[in-house]
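Everything below concerns the one structure shown next.
The values are calculated or read from the model by the stated rules, or taken from the named source; none is laboratory data. A quick note: this is a predicted structure, and the numbers were derived from the prediction, not measured. Glycine also receives a Cβ, built like all others from the backbone with ideal geometry; neighbour counts cover every protein chain displayed.
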Amino acid sequence: MTFRRVLLMIFVGLMSVMSSRIMAFPEGEDVPNLFGRSLDGRVFRLSDYVGKVRVVQFFRLKKNCRQCLKSLQEFLVLEKRFKDIMFVAVYVGDKSREEVLKYTRTLKQRPQHLVMVNDAKTVKKLYRLTRFPAYLAIDGKNQSRLFFNGRDPDYLQNFLQSSGI
């Protein structure tokens, strides 16, 4: 393998990592509202919680996807650790409520706020979701503080510890 090829592979790898950290919502930008229903059928509006710090995980379900399940388990660990922050897991996909319930029963516990959106395509476009899971940290003023695609619980935890939001 030539030196040029090795450099190109390193560059492509770095760009891949960097692109997962590109902000869909630059820091300080207002976050659009999100509408959905909890698994027990209650209406959920993200805007009802302005004033609280929120972390949203957008996730999908794939058959036998260990990474999907692992990302939800990691999210639960953060939810337990950061009790002053509201954690919201948002399912973005076309599975039925029953399928989502069945899938989340494999977890030791469910996220406190588990929401299904009605229009996954609109949510993907509005929040510029390209990969799952994706995470969005929102301050009490409803402004974006962090957005990234891909599973990286350490990155999110370090941000929450150091940001003071």
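Numbers below:
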item: Of the criteria (1) assigned to a loop (DSSP other than H, G, I, E, B); (2) modelled with pLDDT under 90; (3) surrounded by fewer than 18 Cβ atoms within 10 Å (Cβ to Cβ), which one residue 102 fails; result: (1)
item: Check on residue 87, modelled with pLDDT of 95 or more and in contact with a strand residue (DSSP E or B) (Cβ under 6 Å, 6 or more places away or on another chain); result: yes
item: Test result for residue 136, among the hydrophobic types (A, V, I, L, M, F, W, C) and farther than 18 Å from residue 33 by Cα; result: no
item: Which listed residue, of 149, 142, is crowded, with 18+ Cβ neighbours inside 10 Å and on the phi > 0 side of the Ramachandran plot; result: 142
item: Boolean, residue 96 is surrounded by 15 or more Cβ atoms within 10 Å (Cβ to Cβ) and of a type in the set (S, T, N, Q); result: no
item: Residue in the stretch 4-11 that is at pLDDT below 90 and either within 15 Å of residue 134 (Cβ to Cβ) or surrounded by 13 or more Cβ atoms within 10 Å (Cβ to Cβ) (or both) present; result: no
item: Hits in the stretch 73-94 (condition: outside any loop (DSSP other than H, G, I, E, B) and under 22 Å from residue 126 (Cα atoms)); result: 86, 87, 88, 89, 90, 91
item: Selection status of residue 158, surrounded by fewer than 19 Cβ atoms within 10 Å (Cβ to Cβ), of a type in the set (S, T, N, Q), at pLDDT below 90 and not in a strand (DSSP E or B); result: no
item: Index of the failed condition, residue 79 passing every other in (1) charged (D, E, K, R); (2) in contact with a helix residue (DSSP H, G or I) (Cβ under 7 Å, 6 or more places away or on another chain); (3) under 20 Å from residue 160 (Cα atoms); result: (2)
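Condition check ((1) among the acidic types (Asp, Glu); (2) more than 21 Å from residue 106 (Cβ to Cβ); (3) exposed (fewer than 13 other Cβ atoms within 10 Å of the Cβ); (4) touching a strand residue (DSSP E or B) at 6+ places or on another chain (Cβ under 8 Å)) across all residues:
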position	(1), (2), (3), (4)
36	no, yes, no, yes
40	yes, no, yes, no
45	no, yes, yes, yes
52	no, yes, no, yes
56	no, yes, no, yes
72	no, no, no, yes
78	no, no, no, yes
